[in-house]
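The values are calculated or read from the model by the stated rules, or taken from the named source; none is laboratory data. Keep in mind that what you see is a predicted model, and the values were worked out from it rather than measured. Note that each Cβ is placed from the backbone with ideal geometry, even for glycine, and that neighbours are counted across all protein chains shown. Keep in mind that these areas ignore ligands, DNA and RNA; they rest on the heavy atoms of the full protein, side chains included. Shrake-Rupley method; radii C 1.70, N 1.55, O 1.52, S 1.80 Å.
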Amino acid sequence: MPAEPTNIPRHVAVIMDGNGRWARARNKPRHAGHRAGVASVRATVETAAQRGVELLTLFAFSSENWSRPEEEVSSLMGLFVEALRREVNELHRNNVRLRFIGDRAQLNRGLVKKIEAGEEKTRRNTGLLLNVAVAYGGRWDIVSAAKELAGQVARGELTTAEIDEAKLAAALQLAGLPDPDLLIRTGGEQRISNFLLWNLAYAELWFTDVLWPEFDARQFDNALLFYAQKQRRYGHTSEQVEAAGC
Ligand code: IPE
Ligand code: IPE
Ligand code: MG
């Protein structure tokens, strides 16, 4: 292992992009790229756990990805079901706790059942927490949280004046979890694409041109090294941060 940074991010979020281009470069259909991407997911989960990352949140399918050709959407949904069937036992053996975030109401019943079974089986595991974002959009997440708080106000459980950042955060999909410290995006684009808009407020951002099916432990370690060199100031000055000794 080349990288041995001392300050490992607690929570790493990943936008897994570039499957389609990987396939096109090999004259293969797009779904071959998505299929190849599953191996990178497996490797990334393993590496994250080995390096001491506590939470890993992977963007697998966005609320905007529903606009892709129907054939691609249905092959992706099929791939999620298949990946769950194949991978959940191994995740469980490795003490990984699996959770899904996103709008389940949009997913077909078979996939939701697999998701629920995977979550239930791994619920008591104490190792890496793996969040997989499917049918997820950062704006949807914030709107859902706003609706939840509005409901509490309407029922008299909360007053408008009591609404603060903590209350809104507690109604988001990643409620109760620390924000991502590091965001990795493969595939060359340097944008957020409606991922965790609220939670990424202070994440360090690391972009690579490597396409997702070629992402491996070496790449992950490069991202960790990049992170280890960052001073996180959260609006303070460097002098303040140094004086606080963090
Ligand atoms: C990411 O790869 C996977 C999903 C968004 C589902 P893409 O399918 O976006 O790959 P490119 O960006 O077309 O290469
Ligand atoms: C972001 O990738 C979503 C996922 C990786 C699931 P996209 O390929 O959908 O992003 P854009 O459209 O290039 O911004
Ligand atoms: Mg893409």
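The table below lists the values:
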{"quantity": "Some residue of the range 41-58 being part of a helix (DSSP H, G or I), away from ligand 3 (no atom under 16 Å from the Cβ), under 27 Å from Gln106 (Cα atoms) and open to solvent by 50 Å² or more (accessible area, probe 1.4 Å)", "calculated": "yes"}
{"quantity": "Residue ID - nearest to ligand 2 (Cβ to nearest atom), chosen from residues in the range 1-29 that are in a helix (DSSP H, G or I) and touching a Pro at 6+ places or on another chain (Cβ under 9 Å)", "calculated": "Asn19"}
{"quantity": "Count - residues of the range 119-141 that are within 19 Å of Ala60 (Cα to Cα) and either in a helix (DSSP H, G or I) or open to solvent by 40 Å² or more (accessible area, probe 1.4 Å) (or both)", "calculated": "5"}
{"quantity": "Unique match (being touching a helix residue (DSSP H, G or I) at 6+ places or on another chain (Cβ under 6 Å) and either within 13 Å of ligand 2 (Cβ to nearest atom) or of a type in the set (D, E, K, R) (or both)) among Arg85, Arg97, Arg68", "calculated": "Arg97"}
{"quantity": "Complete set of residues in the range 59-74 that are more than 10 Å from ligand 1 (Cβ to nearest atom) and not in a loop (DSSP other than H, G, I, E, B)", "calculated": "Ser63, Trp66, Ser67, Glu70, Glu71, Ser74"}
{"quantity": "Matching residues in the range 179-229 - criterion: being polar (S, T, N, Q), touching a residue at least 60 places away in the same chain (Cβ under 8 Å) and within 16 Å of ligand 3 (Cβ to nearest atom)", "calculated": "Thr186, Ser193, Asn194"}
{"quantity": "Scan of the range 221-246 for residues that are within 17 Å of Ile184 (Cα to Cα) and of a type in the set (Phe, Trp, Tyr), ordered by number", "calculated": "Phe226, Tyr227"}
{"quantity": "Which listed residue is of a type in the set (A, V, I, L, M, F, W, C), surrounded by fewer than 14 Cβ atoms within 10 Å (Cβ to Cβ), more than 16 Å from ligand 2 (Cβ to nearest atom) and more than 24 Å from Ser144 (Cβ to Cβ), from Ala217, Ala228, Ala243", "calculated": "Ala243"}
